[in-house]
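Every number in this text was worked out from the coordinates using simple rules, so none of it is lab data. Small disclaimer: the values here were computed from a predicted structure and weren't measured. Here the Cβ positions follow ideal geometry from the backbone for every residue, glycine too, while neighbour counts run over all protein chains shown.
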Amino acid sequence: MDVTHILESLNDEQREAVTLGDEHALILAGAGSGKTRVLVHRIAWIIQTMNISPYSILAVTFTNKAAAEMRGRIENLLNVPAGGMWVGTFHGLAHRILRTHYAEAGLPKAFQIIDSDDQLRLLKRIIRDAQIDEAKWPAKQAQWYINNKKDEGLRAQNLDAQGDFMEQQWIDIYKSYQKICDNSGLLDFAEILLRAHELWLKNPSVLADFQRRFRHILVDEFQDTNTIQYAWLRLLAGQTSKVFIVGDDDQSIYGWRGAKVENIQRVQNEFEKMFLVRLEQNYRSTGNILRAANKLIEKNFGRLGKKLWTAGEDGELVKLYTAYNEQDEARFVVETIKQWIEQGNDRKDCAVLYRSNAQSRVLEEALLMENMPYRIYGGMRFFDRAEIKDALAYLRMVASQLDDAAFERVINTPPRGIGEKTLQAIRAQALKDGVSLWDAMALILEAQAVPARASKALNGFLEIINSLLELSGGAGLENLLLAVLEQSGLVEHYKKEKGEKGRARVENLQELVSAVKQFELDSLEAGVDEEFEEMDDLSVFLAYTALESSNGQAEIGDDCVQLMTLHSAKGLEFPMVFMVGMEEGLFPSERSVEEVDRLAEERRLCYVGMTRAEKQLVLTAAEHRRLYGREFYPKVSRFVRELPQDVIVDVRPRAQISTPISRNTFIDEDALDDFQLCLGQIVRHMKFGDGVLLNFEGKGHHVRVQINFYDAGPKWLVLAYANLQPV
DNA sequence: CGCGTCGTGGTTTTT
DNA sequence: CCACGACGCG
């Protein structure tokens, strides 16, 4: 077979990785080194030279976007649809397995997936019902606790508080939560993985079937795998399958949500004769950008070690702008983008990256002021919107009346006169008889256990769901949804909501109808996967909305400036990149500087940000920032100081005018040092007496200090003339 | 039930 | 500072 088309256009290292024999392999792929390309070409190589059917290949990624891209590129390269091949996210694949083996996994056939929002609501209710003090035991924290334990593969019964009262409380909440989920046939995201793992542990024959099938397992972004994902992979690979693992320890930025970089080390110990290939040639950035990024990441300890290089030009220097405040910073960014566009470039080739979402606001204002179109990444997903979730919850009620979470959401949305009292009665009944809320409601109505008024309202709700149930047989998804919107009164309800918001909600609901229509068309065309053919359209659609719905606005159709957090920039690239807010306390985040590991992760985040840039990288910092309604005078980020000075140029046009003395932001770290003063210190002034040094601004001889004098109150003084004495 | 007021807390995000 | 959630009143 002619395989030249697979190998041409690859460099030596890429080719080495792609053409490895029937071996385990670990590919350390630096930023911009063509890792997706290697993955895709490797799959083509396996299929075309190793006599392996696509049916025997499993490719795992983290996001649906990455999975879709990979599938598309494989089909492109092979020039055939890669039908039988499994390409998907950990969650998508595990879900697929659970659908086929729901009985062995101890799940009801119509099990439903809940997202983190549903999970939080459920936990809130559980904590409230158990009469636990919500202030002391916030649902948010319970959610965090439970998901963490599940990510570690731990069930409540595996946990031992060892007499720790706090821990015991969390365990108890975990227990009650899991009980409700199990009774209602609900799976949260972490549960999907945990269940799939347990399914294999408890049913060796099921595991053996999958092990026999998948001869080659390929994993992308391996540094982001958590404990349960690793265990799942390890189990699946068994003794016979070959793994091809691609990752970059320097781009591990999700440790805070359970990702274990150590898995890269672990995989080398646990799989025999693992080939290691480093991809270090970078095709994305200029030499100067790479030199800066390399120098930064070298500061981290315990790296596997990698140094990016390019055959390309040095390019422009990395720019640094020290702004007076965040408005000035935003102004500078917009101004620079304007100039760049005047030189004939596109807005969409500019990205502004920030550490936290709160920083986007000032930038947006500046962009709006200049009428510059922009797009913010990572907003709320379409299927996460409240009105959409309302409509979906009705559909969930139709799919399964066991679904207590959907029941809770929908019973009084829109308001139909069913209050907390009535709901309490239903919950009590459900608890007493061990039945679902839906069944409990029927019992209550039968026993006439609530006032006539409430009874009437409940009956109204009952009828809505019943009539939807009747329709669900053969009317088709679209008609079912239309009936939901009509009979539930949701559209009516949101129409009444005044202002732009209400209108947008109604439009979204209409958009949902289009989404259903499109979904029906797509599944008709693609044909239903074997795992799902047992399932009705409705359940397939609901699983899709929870698991596969994309970010909605992430399509880069228009020519817009791109705004996003550093985290969501991972995997993307732009000719022109701004990293704003390069300040101590902001980036690295104040909450990360205490611990070495967390600081190292921040540094990797900075590395990820820098390596997004192709041609021009601009760093900005503000000397003065208002945050949370308070004033801050941050130092320039240590990350800026860690960069090689010779690839950075300090651009600050106005600086020469206002402060003629040394404008070097690196040396001028602490303006108070020259005067041997520090914040909080008590000082004496000739005229005002003693006071506390509260604040300062400016640099060098222009430093002004704020002192709160015991007698005279707070005053701003020019330090050079104030003649202060430390007390 | 809906609206207003007060109080609090406030990285990073995918599935 | 500002957004969101809890609570109380009409």
Item checked: chain A - percent relative contact order, Cα under 8 Å, separation 6 or more -> 16 percent
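Only bridges with both residues in chain A count here: give the DSSP antiparallel percent, nearest 5.
Details: 24 of 75 bridges.
Antiparallel: roughly 30 percent of the beta bridges in chain A.
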Checklist line | Distance histogram in 10 Å bins (all Cα pairs of the stretch A:112-184, percent per bin) | finding: 19, 58, 22, 1
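For a footprinting-style exposure proxy, rank A:Lys389, A:Lys273 by other Cβ within 10 Å, fewest first. Show your work: numbers first, answer last.
Working: A:Lys389 20, A:Lys273 7.
The fewest-first ordering by Cβ neighbours comes to A:Lys273, A:Lys389.
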Checklist line | Set of the stretch A:391-405 residues, backbone N closer than 11 Å to the point 7 Å along the Cα-Cβ line of A:Glu492 | finding: none
Next item on the list: Using +1 at the Cβ of each Lys and Arg and -1 at the Cβ of each Asp and Glu in chain A, identify which of A:Val334, A:Trp716, A:Val261 lies farthest towards the dipole's positive end.
Entry: A:Trp716
Check: Can you put A:Val318, A:Val651, A:Val727 in order, fewest other beta carbons within 10 Å first?
Finding: A:Val727, A:Val651, A:Val318
Checklist line | Rough spin-label spacing in nm, given labels placed 7 Å along Cα→Cβ, for A:Glu272 and A:Asp650 | finding: 6.0 nm
Margin query: If every alpha-carbon in chain A counts as one equal scatterer, what log10 I(q)/I(0) does Debye give at q = 0.06, 0.09, 0.11 1/Å?
Written below: -0.45, -0.98, -1.31
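In debye, nearest 20, what is the charge dipole magnitude of chain A about its Cα centre with +1 on Lys and Arg Cβ and -1 on Asp and Glu Cβ, if you could check? Write out the running numbers ahead of the final one.
Values: 87 positive and 107 negative charges, 257 e Å.
So the dipole magnitude of chain A works out to roughly 1240 debye.
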Notebook entry, point to check: When the Karplus curve 6.51 cos²θ - 1.76 cosθ + 1.60 is applied with θ = phi - 60°, which whole-Hz ³J(HN,Hα) does each residue of the stretch A:21-33 get, with x for Gly and Pro?
Noted result: x, 7, 10, 6, 9, 10, 10, 8, 10, x, 4, x, 9
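For the stretch A:192-332, what's the relative contact order in percent, using C-alpha pairs closer than 8 Å and at least 6 residues apart?
On the way: 138 pairs, mean separation 27.1, N = 141.
Averaging sequence separation for qualifying contacts and normalising by length gives 19 percent for the stretch A:192-332.
Charges only on Cβ, +1 for Lys and Arg, -1 for Asp and Glu: so what's the dipole of the stretch A:1-40 about the Cα centre, in debye to the nearest 20?
Numbers: 3 positive and 7 negative charges, 48 e Å.
So the magnitude is around 240 debye.
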Notebook entry, point to check: Once amide H atoms are built 1.01 Å from N in the peptide plane, which residues 5 or more positions from A:Glu623, or in another chain, come under 5 Å H to H?
Noted result: A:Ala323, A:Tyr324, A:Asn325
Item checked: Karplus-derived HN-Hα couplings along the stretch A:474-490 (A = 6.51, B = -1.76, C = 1.60, θ = phi - 60°), whole Hz, x at Gly and Pro -> x, 6, x, 4, 4, 5, 4, 5, 4, 5, 4, 4, 5, 6, 5, x, 4
Checklist line | Under 5 Å, built H, 5+ apart or other chain: amide partners of A:Leu279 | finding: A:Leu28, A:Ala29, A:Gly30
Next item on the list: Just grab the label-to-label distance for A:Leu7 and A:Gln681, each label 7 Å out from Cα along the Cβ direction, in nm (one decimal).
Entry: 7.0 nm
Item checked: About the Cα centre, charge dipole magnitude for the stretch A:382-551 (Lys/Arg +1, Asp/Glu -1 at Cβ), debye -> 1460 debye
Next item on the list: Quote the relative contact order of the stretch A:112-184 in percent (integer), defining contacts as alpha-carbon pairs under 8 Å separated by 6+ residues.
Entry: 30 percent
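Taking the Cβ-Cβ separation of A:Phe301 and A:Arg591 as r and a Förster radius of 22 Å, what is the calculated FRET efficiency to the nearest 0.05? It would help to have the intermediate numbers written out before the result.
Numbers: r = 21 Å, r/R0 = 0.94.
So, using R0 = 22 Å, E works out to roughly 0.60.
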Check: How many percent of Cα pairs in the stretch A:308-390 exceed 17 Å?
Finding: 61 percent
Next item on the list: Quick one: go through the stretch A:493-518 and flag any residue whose amide nitrogen is under 20 Å from the point 7 Å out along the Cα-to-Cβ line of A:Leu368.
Entry: A:499-505
Item checked: Residue-averaged 222 nm ellipticity for chain A, from DSSP H runs of 4+ at -39500 (n - 2.57), nearest 500 -> -14000 deg cm²/dmol
Next item on the list: Could you point to the residue in A:Gln169, A:Ser184, A:Asn147 farthest towards the positive end of the stretch A:112-184's charge dipole, with +1 and -1 charges on the Cβ of Lys/Arg and Asp/Glu respectively?
Entry: A:Ser184
Next item on the list: Rank these for me by crowding, A:Lys687, A:Lys140, going from fewest to most other beta carbons within 10 Å.
Entry: A:Lys687, A:Lys140
Check: Could you give the radius of gyration (one decimal) and Dmax (whole number) of the Cα atoms in the stretch A:382-551, in Å?
Finding: 16.9, 52
Check: So which aspartates and glutamates pass the test for A:Lys319, namely a Cα distance under 17 Å, with those fewer than 8 places away in the same chain ruled out?
Finding: A:Asp328, A:Glu329, A:Glu335, A:Glu583, A:Glu614, A:Glu623, A:Glu642, A:Asp646, A:Asp650
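Within the set A:Lys65/A:Lys242; A:Lys179/A:Lys456; A:Lys295/A:Lys635; A:Lys242/A:Lys299; A:Lys456/A:Lys495, which residue pairs have Cα atoms separated by over 27 Å? All intermediate terms of the calculation are to be shown ahead of the outcome.
On the way: A:Lys65/A:Lys242 25 Å; A:Lys179/A:Lys456 31 Å; A:Lys295/A:Lys635 20 Å; A:Lys242/A:Lys299 34 Å; A:Lys456/A:Lys495 25 Å.
From the list (A:Lys65/A:Lys242; A:Lys179/A:Lys456; A:Lys295/A:Lys635; A:Lys242/A:Lys299; A:Lys456/A:Lys495), the Cα-Cα distance tops 27 Å for A:Lys179/A:Lys456; A:Lys242/A:Lys299.
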Margin query: Give me a comma-separated list of calculated 3J(HN,Hα) values for the stretch A:606-612, in order, Karplus coefficients 6.51, -1.76, 1.60 applied at θ = phi - 60°, integers in Hz, x for any Gly or Pro.
Written below: 5, 4, 4, x, 5, 7, 6
